[in-house]
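Below is one structure, written out as structure tokens, with a few remarks after it.
Please treat every number below as a calculation from the coordinates, not as lab data. Quantities reported herein were computed from a predicted structural model and do not represent experimental measurements. Cβ atoms come from the backbone with ideal geometry, glycine included; neighbour counts cover every protein chain shown.
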Amino acid sequence: MFDISFTELMLVGLVALVIIGPERLPKVAKTVGHLLGRAQRYVNDVKGDIQREVELDELRKMKDDMESAARSMQSSMQQTESKLRKELQSPVDDFKGELDELKGGFEDQVKTEKSAVAAPQTSAESQADPHAGPQAEHQPQPTTEVGIQMPSSDKTVSNNVPEHKS
């Protein structure tokens, strides 16, 4: 702060002793010490306030940077999400369309098979042997896992469904 050497301090003390006198010098030194202490505390308080303001400003800047980075990340994530949804939606729609086509074709085939099975059954029932008994008339048709009746082996029905190979 001030560049005062020890000899200069001794000179100021000696002049103060001569001017103030030995009786009042201790009181004046005490008062000067208190005033210098207050001034030093005031300077330290101002330094601390300035330091806190600088740190607070740095924290605000850091907070703003983090918020902007978070917003940037969020918008990037939203763009990526919408891009992925668009990319995945067309294969899903194509798959749904294919499933609907297969379902419609399967339903048409089931109707065709049912009508083909029903027609020979009515003619077979009319030609049934009266001596065969009740078991011959009410034999259950084999069914698939989903409950669709499959034609028996003695009836000819075309089956255009390809077999699934594992």
Putting +1 on Lys and Arg Cβ atoms and -1 on Asp and Glu Cβ atoms, find which of F95, M77, T112 reaches farthest to the positive end of the dipole of region 71-115. M77
Sticking with the crude label model, points 7 Å out along Cα→Cβ, report the distance from K63 to E98 in nm, one decimal please. 5.5 nm
